[in-house]
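Data first, discussion second: the structure below is written as structure tokens.
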Amino acid sequence: MPEQALYLKWRPLSFDDVVGQEHITRTLRNALARDRIRHAYLFSGPRGTGKTTMARLLAKAVNCTHADAGRRPCNACHNCLAINENRFLDLIEIDAASHTGVDDVRDLRDKIAFSPGEGSYKVYIIDEVHRFSGNAFDALLKTLEEPPDHALFVLATTEIDKVPATIKSRCLQFEFRRVSLREVTARLAHIAAHESLDIDPAALELIARQGTGSVRDSISLLDQIVTDPAERVTLALTQRLLGTADSLHVRELAAALVAADMALGIKTINTAIDAGSDPRQLGQQIVGFLRNVMLAQTASATLIEASDEERHHYDELAEQLSRSQLLRAIRAFNAAINQTAGGWQPQLELELAFIDSVQQPPEPVVPPAPAQPAPPAPASRPLSRSEQARAVSQPAADNAGNPYERAPASDPGAAPAFSAAALHQNWTKILTQVNRYDRNVGPLLHHAHVRHIEGNRLVLGVASEFFQQRIATPDKARVVEQAIFDLHGVKLRIEARLFADVRPPAPAEASPPTAAEDPLIAAARSLGGVIDEPAAGR
């Protein structure tokens, strides 16, 4: 008969043998001592953490005939021995992955009514229960709600989020956790000692790390490595068989990262791959190493499960690496791990990750502030009285959209702050801009002209007090000042004065001005309009 696999041979036979799940074993033991057994349990957690094993221990405990409830399971009575030898008829293990249909659950429901043949309870262990279909869960729901007194259900799953809430609410839930590195290493050492295996402690620790918190996976790796019990298993042999890199390579890569030595980092990666390291395993080792550096930098090296010498090394690297570079390297190598499997050049992703970690990220480009859209062009139709009133009531705004603030007037006789000739040349454009803010101000400016500038005072000459008072009102003066600021970028203060040489506009019956003289026509031309002048004689 072939020898049994180590993970089956060393499967826990009592609650004392279970590793790393004390919060569950203590609760179940107390329930057994007080005879508070529930009819349904739901065990969830990562693979290899003891869910099915705990279910079998519970099945043994509830059917154990030992007089002392605190010592159950005893592994000595008839029922315990029958379960250990897989011949106990009242323990039914169902693989939900191969029994997903509603008919399978109905068959289970029909058989559950029969009383147990050997023990006190008929125990149903449903492994990977999340693989049930929706109809199968519906069929199981009624059985879980009102089971027979002799029936006990233990549901196990690695994906608790796929189990319906209606099923969860009818079960007593226990969450299994990943086992710590120290506990897995101690368990492996215990097995190696009883199996008379000659293996280095460093090799056991590496196996436990590769198991990632799964006791079953770690024991399976130990079984894979120990092909000859008489051979000494060293760390180098373990690294070669598991495809992991020498820790020296990882340290050299970290040193290259600190020194920003791109050539050394690429050479170290290729040396590790050429020595037989698996690229994915190497990436995982690098991420684990850099994570320890991050823990030493952000929290404390005491959180790291390592020797004092290794913790001191992590502290040194934490002082030499900046936080941003360390986080960038962890993210880059973590992303590379998921892309190394299908590539034709497996180490390429690791090389690119190292280059990205060494290179300084480009400075973020700050986009320029969006330009403020130009004010809308005047409508082709005349504004209604209500629209004119709204336009007059709205104050002018500067280029940033803020209300325009008038500049305080300078002292009389000061040197001009701007050229009056420039305003003469662009007066038509100023009128156009004024009309965009308030169409009532433009006609008033037809009765005024630029005289001169004193400091920041723009003196406009008018012929009557009526136009002087109208132009000088704060709301209308602000519109003119805003239009000048939009076109010339200078804040002037409007001031209307009476001048005798200012001629009033021509009477209505006088001949109309030519197109070149009419400011409104000039404004229309500046907006792209074409004036169709009548031909002579028409």
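The values are calculated or read from the model by the stated rules, or taken from the named source; none is laboratory data. What you see is a predicted model, and the numbers here were worked out from it, not measured in a lab. Using ideal geometry, Cβ is built from the backbone for each residue, glycine included, and neighbour counts are taken over all protein chains shown. Areas reflect the complete protein model, heavy atoms only, side chains present, ligands, DNA and RNA absent. Shrake-Rupley method; radii C 1.70, N 1.55, O 1.52, S 1.80 Å.
Annotations
- Sequence-separation-based contact order of the range 144-301, relative, with Cα cut under 8 Å and 6+ spacing, percent: 16
- Protection proxy ranking, highest mean first, for peptides 492-499, 106-113, 476-483: 476-483, 492-499, 106-113, where packing is the per-residue count of other beta-carbon atoms within 10 Å, averaged.
- Applying a DSSP loop filter and a limit of 15 other Cβ atoms within 10 Å to the trypsin sites (Lys or Arg not before Pro) in the range 227-266 leaves ARG232.
- Under a 5 Å amide H cut-off, with hydrogens placed 1.01 Å from N, ILE494 pairs with LEU458 among residues at least 5 apart or on other chains.
- For the range 104-162, taking Cα atoms only, Rg and Dmax work out to 11.9, 36 Å respectively.
- Mean accessible surface per residue for the range 37-156, computed with a 1.4 Å probe while every protein chain stays in place, in Å²: 44
- Working from the Cα coordinates of the range 101-218, the gyration tensor eigenvalues give, after taking √(5λ), semi-axes of 39, 18, 11 Å in decreasing order.
- Carbon plus sulfur fraction of accessible area for the range 17-82, probe 1.4 Å, in percent: 43
- Applying the criteria of a DSSP loop state and at most 16 other Cβ atoms within 10 Å to the GluC sites (Glu not before Pro) of the range 399-472 yields GLU405.
- Sites listed here are trypsin sites (Lys or Arg not before Pro) in the range 21-60 whose DSSP assignment is loop and whose Cβ has at most 14 other Cβ atoms within 10 Å: ARG34, ARG36, ARG38, ARG47.
- Straight-distance crosslink candidates among lysines, where the alpha carbon sits under 18 Å from LYS476 and sequence neighbours closer than 8 are dropped: LYS429, LYS491
- For LYS162, solvent-accessible area (1.4 Å; no DNA, RNA or ligand), Å²: 110
- Applying Stokes-Einstein at 20 °C and 1.002 mPa s to the Kirkwood radius of the range 137-291, computed over alpha-carbon pairs, gives a translational diffusion coefficient of 113 µm² s⁻¹.
- Accessible surface of the range 405-481, 1.4 Å probe, proportion on carbon and sulfur as whole %: 50
- With protein chains left intact and a 1.4 Å probe, residues in the range 269-320 average 51 Å² of accessible area per residue.
- Solvent-accessible ranking of TYR7, TYR314, TYR437, largest area first, probe 1.4 Å: TYR7, TYR437, TYR314
- For the listed residue pairs LYS9/LYS111; LYS111/LYS142; LYS122/LYS162; LYS9/LYS51, the alpha carbons are over 20 angstrom apart in LYS9/LYS111; LYS122/LYS162.
- Gyration tensor (alpha-carbon) shape descriptor, the range 29-94, a/c threshold 1.5: oblate
- Accessible-area value, THR143, 1.4 Å probe, nucleic acids and ligands omitted, Å²: 10
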